[in-house]
Structure formats: C-alpha cells, structure tokens
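Participant: Let me give you the structure first, and then I'll get to my questions.
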C-alpha cells in the first residue's frame, strides 16, 4: 500500500515538477525566428525573403526527416489508433483497478506499479 502511494504521488507530481525545474533553471535562448526577423527588418529588410525561404526549406527538411519511414499517405485509422493508445491504456487501467478493488482479485505488484505510473504520469502531464 505504501509503494502504491509513493508511486502514485511520484508519477503524478513528476511531470509538472520537471517542467517547473526546466523552466526555472534552463538557460533562456534569445535567438528565435521572431528576434532574427525583427533585427533583419531594422538592419537589412532586403534579406527577409531569403530568410523566410531558408526557414521554409528547414521545416520541409525536418518534416521529411521525421516522416522518413512513412511511405505514401498514412491512413486515418492508423493516425487515430496511434493517438488513442495512451488514453485507452489509462481507461483500461482505471477500470482494472476498480475491478480488482471490488472483486478482491490479486494483482502482480509489477503490473500494478506500471499501471499506476502510466496513469498518474498521464494525469500529471495534464496539470
């Protein structure tokens, strides 16, 4: 029971805590596309179209690299299946916990800890 509480609280609070620490202590970068465009607008406005073309080609290259293993168009049901895996797992885990609680079934501690970690990290990422 103590292990369940520790795992639940840890995985529930870990995502917001990690985000807070990352935002608080990571160095802030001043170089963004917007700051570069604003400095180009004041110093060299003729270079803006070339900069925008370069940014567009960079984004296209990143998309091609990300989709390098995809051949053709991914069907809609595959996209929907990919998007629904984690919510289905969370719903299944919650239902399974209720059934094991009220039906007095024994659950392997490793399975229980894994489900608690996944469910609570999903809820923690929503905080």
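Every read-out reported here was derived from the displayed coordinates using simple, explicitly stated rules and does not represent laboratory data. Just so it is clear, the model here is predicted, and its values are computed rather than measured. Note: ideal-geometry Cβ built from the backbone for every residue, glycine included; neighbour counts use all protein chains shown.
Participant: Multiply the residue separation of residue 92 and residue 23 by 0.36 nm, subtract the distance between their alpha-carbon atoms, and state the gained length in nm to one decimal. Let's see the in-between values first.
Facilitator: On the way: separation 69, 0.36 × 69 = 24.84 nm, distance 3.31 nm.
Separation in residues times 0.36 nm, less the Cα-Cα distance, equals 21.5 nm.
Participant: What FRET efficiency comes out for the pair residue 14/residue 39, r = Cβ-Cβ distance, R0 = 35 Å, nearest 0.05? Don't jump to the answer; show the numbers that get you there.
Facilitator: Working: r = 39 Å, r/R0 = 1.10.
Rounded to the nearest 0.05, the efficiency is 0.35.
Participant: Moving on to the next point. Quick one: if you stick a label point 7 Å off each Cα along the C-beta vector at residue 107 and residue 58, how many nm between them?
Facilitator: Label at residue 107, label at residue 58, 4.6 nm between them.
Participant: Which value at 222 nm does the chain reach when only helices count, each DSSP H run of 4 or more adding -39,500 (n - 2.57), with the total divided by all residues and rounded to the nearest 500 deg cm²/dmol? Walk me through the numbers on the way to the answer.
Facilitator: Working: 5 runs with 99 residues, N = 127.
Dividing the helical sum by the residues of the chain leaves -27000 deg cm²/dmol.
Participant: So what's the Cα pair-distance distribution over the stretch 1-59, bin width 5 Å, in %?
Facilitator: Once binned at 5 Å, the Cα pair distances of the stretch 1-59 give 4, 15, 13, 12, 9, 9, 10, 8, 7, 6, 5, 3, 1, 0.
Participant: Continuing with this model, one more query. May I ask for the Kirkwood hydrodynamic radius of the stretch 9-127, worked out over all distinct Cα pairs and given in angstroms to one decimal?
Facilitator: 19.3 Å
Participant: List the pair-distance distribution P(r) of the stretch 85-127, using every Cα-Cα distance, as the percent of pairs falling in each 10 Å bin from 0 up to the bin containing the longest distance, rounded to whole percents.
Facilitator: It works out to 28, 54, 17, 1, in whole percents.
Participant: Then there's this: Specify the inter-centroid distance of the stretch 1-52 and the stretch 56-127, based on alpha-carbon positions, in whole Å.
Facilitator: Cα centroid of the stretch 1-52 versus Cα centroid of the stretch 56-127: 24 Å apart.
Participant: Taking only Cα atoms, what is the 0 to 90° angle, nearest 10, from helix 33-43's long axis to the longest principal axis of the chain?
Facilitator: 20 degrees
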